[in-house]
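Engineer: Pasting a structure below so you can have a look.
The values are calculated or read from the model by the stated rules, or taken from the named source; none is laboratory data. Note that the structure is a prediction, hence the values are computed from the model and not measured. Here the Cβ positions follow ideal geometry from the backbone for every residue, glycine too, while neighbour counts run over all protein chains shown. SASA here: full protein model, heavy atoms, side chains in, ligands and nucleic acids out. Shrake-Rupley method; radii C 1.70, N 1.55, O 1.52, S 1.80 Å.
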Amino acid sequence: MEVIITPTPEQTGTVGADAVEALFAAKPDAVLGIATGSSPVGIYDELGRRVTAGRVSLAGGSAFMLDEYVGLPAEHPERYRNVVERDFVAKVDLPTDRVHGPDGQAGDLAAACASYEAAMAAAGGVDLQILGVGSDGHIAFNEPGSSLASRTRIKTLTSQTRRDNARFFGDDVDAVPRHCLTQGIGTIMAARQLVLVATGRHKAEAVHQLVEGPISAMWPATILQMHPHATVVVDEAAASRLALASYYKETYAAKPEWQGL
């Protein structure tokens with residue numbers, strides 16, 4: 001696992017965009033895994049600027065979403081498909097019909113999860129998965145206690161996650177759905193590269209556990225320690241609990257340019 005500590009929150013987006021740009025330069029038809037929430041927005045903003053400038057193109061690629069709420073109507077602004085259209089697709093040149101997500105309105109949710117896994121496999125798997133991390137250490141909607149080998153499935157959201165997400169629903173916790181479809185931890189770990197972004201002091205304990213704590217289902221993100229190509233990009237505030245922060249800064253500063261992310 002590589003840990004990159006940036007001086008400002010904005011620079012985490014730059015580093016994440018660098019990884020995506022490098023991927024599409026090497027593989028124009030790459031499969032990108034995309035996340036919602038506040039953490040990856042900086043990556044999407046920077047990618048949008050680079051696409052507009054002609055520096056990178058995502059037009060030949062495809063994308064798969066991490067998760068989706070169950071039961072939100074198609075027109076709801078916080079339905080993750082709509083969030084992805086607004087925060088990501090509208091800013092880049094990736095065709096909207098090549099952005100895929102689990103069907104949270106399906107009559108048979110278990111079948112929808114199996115179908116989504118099959119679609120990712122048929123696409124050749126995810127080349128680079130963008131991730132955020134919850135304050136309780138969840139990745140996607142894999143809450144504490146989730147199986148570290150899990151695949152796409154139905155999950156019940158914890159009270160903490162619903163409180164965290166209430167800011168997107170007018171601060172009304174009761175408006176946040178109780179269930180979701182989410183890629184499992186095993187599904188996420190199958191991606192060939194992982195880039196996790198976190199900013200803010202409220203993420204500091206989760207980042208500490210993720211990077212320096214023991215691997216445990218109680219902190220699902222800790223499984224990234226087992227991935228052969230995982231990069232964690234955090235700002236100073238999110239890195240404030242890291243015991244080895246100076247080491248991570250030193251090793252990143254001395255990293256050869258040819259090595260890449």
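Engineer: Under the √(5λ) rule applied to the eigenvalues of the Cα gyration tensor, what semi-axes describe the equivalent ellipsoid of region 215-261? Give them in Å, descending. Present the calculation step by step, with values, prior to reporting the outcome.
Structural biologist: Details: eigenvalues 93, 51, 14 Å².
Each semi-axis is √(5λ); the values are 22, 16, 8 Å.
Engineer: May I pose another question? Roughly how many nanometres apart are two label points built 7 Å out from the Cα toward the Cβ at ALA114 and GLU2?
Structural biologist: The modelled label-to-label distance comes out at 4.0 nm.
Engineer: Would you give the gap between the C-alpha center of region 172-226 and the C-alpha center of region 244-261, rounded to a whole Å?
Structural biologist: Cα centroid to Cα centroid, the span is 23 Å.
Engineer: Probe radius 1.4 Å, ligands and nucleic acids ignored: give me the carbon and sulfur share of the accessible area of region 134-251 as a rounded percent.
Structural biologist: Accessible surface attributable to carbon and sulfur in region 134-251 totals 53 percent.
Engineer: Just flag the trypsin sites (Lys or Arg not before Pro) in region 29-88 sitting in loop per DSSP whose Cβ has no more than 13 other Cβ atoms within 10 Å.
Structural biologist: For trypsin sites (Lys or Arg not before Pro) across region 29-88 that sit outside H, G, I, E and B with at most 13 neighbouring Cβ atoms in 10 Å, the list reads ARG55.
Engineer: I've got another one for you. With unit charges on the beta carbons (Lys and Arg positive, Asp and Glu negative) and the dipole taken about the Cα centre of the chain, which residue among GLY134, THR251, ALA25 sits farthest to the positive side?
Structural biologist: About the Cα centre, the residue reaching furthest to the positive side is THR251.
Engineer: In addition: What's the whole-number percent of alpha carbon pairs in region 172-261 lying beyond 15 angstrom?
Structural biologist: Numbers: 2711 of 4005 pairs.
Value for region 172-261 (Cα pairs over 15 Å): 68 percent.
Engineer: With every protein chain left in place, what is the accessible area per residue of the chain in square angstrom, probe 1.4 Å?
Structural biologist: 42 Å²
Engineer: Using a probe of 1.4 angstrom, how much of the accessible area of region 4-88 is carbon and sulfur, in percent?
Structural biologist: Of the solvent-accessible surface of region 4-88, carbon and sulfur hold 55 percent.
Engineer: How much mean residue ellipticity at 222 nm does the chain get from its helices, if each DSSP H run of length 4 or more adds -39500 (n - 2.57) and you divide by all residues, to the nearest 500 deg cm²/dmol? Don't jump to the answer; show the numbers that get you there.
Structural biologist: Numbers: 8 runs with 82 residues, N = 261.
Helix contribution divided over all residues of the chain: -9500 deg cm²/dmol.
Engineer: Cβ neighbours within 10 Å, averaged per peptide: list 97-104, 30-37, 189-196 in order, most packed at the top.
Structural biologist: Values: 97-104: 18.5, 30-37: 24.0, 189-196: 22.4.
In decreasing order of mean packing, 97-104, 30-37, 189-196 become 30-37, 189-196, 97-104.
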